[in-house]
1. Please work out how much length the chain gains when fully extended from residue 23 to residue 67, using 0.36 nm per residue of separation minus the C-alpha to C-alpha distance, in nm with one decimal.
2. What ranking do 35, 64, 13, 52 get, fewest neighbouring Cβ atoms within 10 angstrom at the top?
3. Take the alpha carbon gyration tensor of region 11-67, find the square roots of its eigenvalues, order them as a ≥ b ≥ c, and report rounded if a/c is under 1.5; if not, report prolate when a/b exceeds b/c, else oblate.
């Protein structure tokens, strides 16, 4: 996976999930958008909705090779 973020501080990320992958519930899209927003917040930066959607789709589609429907995941990008 190509570098999407430049993180200058060390961080420890621990994730737990109750939804199995491939269920179609949008858990991967929610996780991806949440992770991107957390990284930006950690670095005292903000990210716009369009850029967040673009980065999340890059990760899901291009890097992870997931078959996601952008029209279904789009509301997740607007969450504050």
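1. 14.6 nm
2. Lowest count first: 13, 64, 35, 52.
3. Oblate, because a/c is 1.5 or more while a/b does not exceed b/c.
Computed from the coordinates by the stated procedures, all read-outs in this text should not be read as laboratory data. Note that the structure is predicted; figures quoted are calculated from it, not measured. Note that we place each Cβ from the backbone using ideal geometry, even for glycine, and neighbour counts take in every protein chain shown.
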